[in-house]
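Engineer: The structure that follows is given in the form of structure tokens.
The values are calculated or read from the model by the stated rules, or taken from the named source; none is laboratory data. What you see is a predicted model; the values in this text were computed from it and never measured. We place every Cβ from the backbone using ideal geometry, glycine too, and count neighbours over all the protein chains shown. We work out accessible area using only protein heavy atoms, side chains counted, and drop any ligands, DNA or RNA first. Shrake-Rupley method; radii C 1.70, N 1.55, O 1.52, S 1.80 Å.
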Amino acid sequence: MIERAIRVFAPAKVNLYLGVHAQTDARGYHRVDSVMAALDLTDTVTVAPASDSTLTVRMRPNLDVATERNTAHRAAAALGRAFGRKPCVEIEVEKRIPIRAGLGGPSADAAAVIVGMCRAWGIDPADERVRATARGIGADVPFLLSGALVYCDEAGDRPAEIFEPLGGLAVALVKPISTGVTAAEAYARFDRAPVPPAPIDPMLEALREHDGAGVARHISNNLRAASCELDPQIGHVLEWMRSRSEARAVELTGSGSCVYALCDTIETADAIAIAAERERGWWSCAAKMKKSRLSASDV
Ligand SMILES: C[C@](O)(CO)[C@H](O)COP(=O)(O)OP(=O)(O)OC[C@H]1O[C@@H](n2ccc(N)nc2=O)[C@H](O)[C@@H]1O
Ligand SMILES: Nc1ncnc2c1ncn2[C@@H]1O[C@H](COP(=O)(O)OP(=O)(O)OP(=O)(O)O)[C@@H](O)[C@H]1O
């Protein structure tokens, strides 16, 4: 039982660098080098005491996914198992992050539930059992427990280096009106024709030096070809975004289908987002890089 309601803002992410290798681990997960930046586009997750002894999840708007498969439900249940406690909570997720987009929405909801329940139960989020729980839910979950700009190795799920966030930088997010791509589909397609990853060291150097221009130069994603094959609409978005002179760099985030343009200001990102919607009717949004990691507050 928890005593009070807790709110956590669950941020979307973009992959500033994604390097998938052909090797896989015992789970069948690929070795991945990934640099993820959290954004101020968020779902709102509220964890409240349950009126009876159950675990419930309500999504607004409603989402066509079985409750037990919802990452928010899975996270609460797994944390309960890890600490031998009953997760009697009502979870509400107000969704803003589009799904099948590569923006990490389902993972962010899970991370937010973990952070919220850790606060309610007085558990240190750095506890190894919490980290293992996060990893068990999905590859994108652990980074959010570590920082706002993080390099992850192994399966892209082990935080290896945390950087000072690139506060001030913004992104225009643009997603085609298609069903999108799941990570599983993209990795399976990648295996049919693997593309070698770009070198990661120049990106890590730029991040260590807090060099925004260097980061923009070394943005890369070798899942892009696989995702473009699965959803050819992505190619149209990439082409349109690359034609915008205000964009410092343009890349697919994760397995897509959302494309981002890195911009110097939120105003520039806004201008690209508005044009994408007006001219093409695509889903779009401007967002800033988050400056701090996930935190929970009492409602
Ligand atoms: C594409 C990225 O979003 C980039 O950040 C992640 O690598 C995927 O993160 P995610 O959506 O949290 O992924 P998960 O839910 O853990 O995995 C979904 C599926 O993607 C594939 N997968 C995922 C991560 C990885 N390193 N290798 C994989 O092959 C597996 O088929 C897995 O069953
Ligand atoms: N909390 C949740 N929010 C949204 N979708 C969820 C949630 N839990 C489970 N899902 C399921 O996950 C699917 C999306 O998974 P997918 O791997 O495409 O994620 P994504 O939104 O692209 O993010 P990622 O960048 O992590 O891949 C949805 O179609 C839905 O069935």
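Engineer: Of all residues being within 13 Å of ligand 2 (Cβ to nearest atom) and of a type in the set (D, E, K, R) in the range 137-168, which is least open to solvent (accessible area, probe 1.4 Å)? Just the residue, please.
Structural biologist: Only one residue tops the list, namely 157.
Engineer: When you scan the range 182-219, how many residues do you find that are hydrophobic (A, V, I, L, M, F, W, C) and surrounded by fewer than 16 Cβ atoms within 10 Å (Cβ to Cβ)?
Structural biologist: 5
Engineer: Still on this structure, please answer the following. Restricting attention to the range 220-229, and to residues there that are touching a Lys or Arg at 6+ places or on another chain (Cβ under 8 Å) and surrounded by 20 or more Cβ atoms within 10 Å (Cβ to Cβ), which single residue is farthest from residue 197 (Cα to Cα)?
Structural biologist: So, considering only residues that are touching a Lys or Arg at 6+ places or on another chain (Cβ under 8 Å) and surrounded by 20 or more Cβ atoms within 10 Å (Cβ to Cβ), the one farthest from residue 197 (Cα to Cα) is 227.
Engineer: While we're on this one: Starting from the range 60-86, keep only residues that are within 16 Å of residue 10 (Cα to Cα), then list their pairs with residues that are in a loop (DSSP other than H, G, I, E, B) whose Cβ atoms are within a distance under 6 Å, requiring at least 6 positions of separation or different chains.
Structural biologist: If the second residue must be in a loop (DSSP other than H, G, I, E, B), the pairs left are 76/55; 76/87.
Conditions tested, residue by residue: (1) among the β-branched types (Val, Ile, Thr); (2) outside any helix (DSSP H, G or I); (3) away from ligand 2 (no atom under 11 Å from the Cβ).
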| position | (1), (2), (3) |
| --- | --- |
| 97 | yes, yes, no |
| 106 | no, no, no |
| 109 | no, no, no |
| 116 | no, no, yes |
| 131 | no, no, yes |
| 135 | no, no, yes |
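Engineer: Another question, if that's okay. List the pairs whose first member sits in the range 100-111 and is closer than 12 Å to residue 254 by Cβ, whose second member is outside any loop (DSSP other than H, G, I, E, B) and within 6 Å of ligand 2 (Cβ to nearest atom), and whose Cβ atoms are under 7 Å apart, counting only residues at least 6 apart or on separate chains?
Structural biologist: Between residues of the range 100-111 that are closer than 12 Å to residue 254 by Cβ and residues that are outside any loop (DSSP other than H, G, I, E, B) and within 6 Å of ligand 2 (Cβ to nearest atom), the close pairs are 106/71; 107/71.
Engineer: So the check is Cβ under 7 Å with 6+ separation or different chains; which pairs have a first residue in the range 151-163 that's more than 19 Å from residue 291 (Cα to Cα) and a second one that's not in a strand (DSSP E or B)?
Structural biologist: 155/25; 155/29; 155/139; 156/139; 157/135; 157/139; 157/142; 158/142
Engineer: Among (1) within 7 Å of ligand 2 (Cβ to nearest atom); (2) of a type in the set (A, V, I, L, M, F, W, C); (3) open to solvent by less than 60 Å² (accessible area, probe 1.4 Å), where does residue 75 come up short?
Structural biologist: For residue 75, the exception is condition (1).
Engineer: Let me ask something else. Quick one: count up the residues across the range 5-54 that are closer than 30 Å to residue 214 by Cβ and either within 16 Å of ligand 1 (Cβ to nearest atom) or outside any strand (DSSP E or B) (or both).
Structural biologist: Final tally of qualifying residues: 26.
Engineer: If you check 202, 194, 159, which single one turns out to be part of a loop (DSSP other than H, G, I, E, B) and either more than 11 Å from ligand 1 (Cβ to nearest atom) or in the same structural domain as residue 251 (by TED's automatic domain parsing) (or both)?
Structural biologist: Residue meeting the stated conditions: 194.
Engineer: Exactly one of (1) in the same structural domain as residue 263 (by TED's automatic domain parsing); (2) in contact (Cβ under 8 Å) with a residue 40 or more places away in the chain; (3) more than 25 Å from residue 285 (Cα to Cα) is unmet by residue 186. Its number?
Structural biologist: Here residue 186 meets the rest and fails (3).
Engineer: Quick check, is residue 57 of a type in the set (Val, Ile, Thr), outside any loop (DSSP other than H, G, I, E, B) and touching a residue at least 60 places away in the same chain (Cβ under 8 Å)?
Structural biologist: Answer is no for this residue.
Engineer: Follow-up question, since we're still on this one. Looking at the range 49-57, is at least one residue surrounded by fewer than 22 Cβ atoms within 10 Å (Cβ to Cβ), closer than 19 Å to residue 104 by Cβ and not assigned by TED's automatic domain parsing to the domain that holds residue 174?
Structural biologist: No, the conditions are met nowhere in the range 49-57.
Engineer: Looking at 286, 269, 247, which is the one that is assigned to a strand (DSSP E or B) and touching a residue at least 24 places away in the same chain (Cβ under 8 Å)?
Structural biologist: None of the other options fit; the residue is 286.
Engineer: Here's something else I'd like to know. Residues of the range 78-93 being surrounded by 15 or more Cβ atoms within 10 Å (Cβ to Cβ) and either touching a Ser or Thr at 6+ places or on another chain (Cβ under 7 Å) or outside any loop (DSSP other than H, G, I, E, B) (or both), which ones?
Structural biologist: Residues satisfying the conditions are 78, 79, 80, 82, 83, 88, 89, 90, 91, 92, 93.
Rundown of residues vs (1) at pLDDT 95 or above; (2) more than 14 Å from the chain's Cα centre (by Cα), yes/no style:
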position	(1), (2)
97	yes, no
100	no, no
110	yes, no
113	yes, yes
125	no, yes
134	yes, no
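Engineer: Let me ask something additional. Considering only residues that are in a loop (DSSP other than H, G, I, E, B) and open to solvent by less than 20 Å² (accessible area, probe 1.4 Å), look in the range 172-181 and name the one that is farthest from ligand 2 (Cβ to nearest atom).
Structural biologist: The residue in question is 176.
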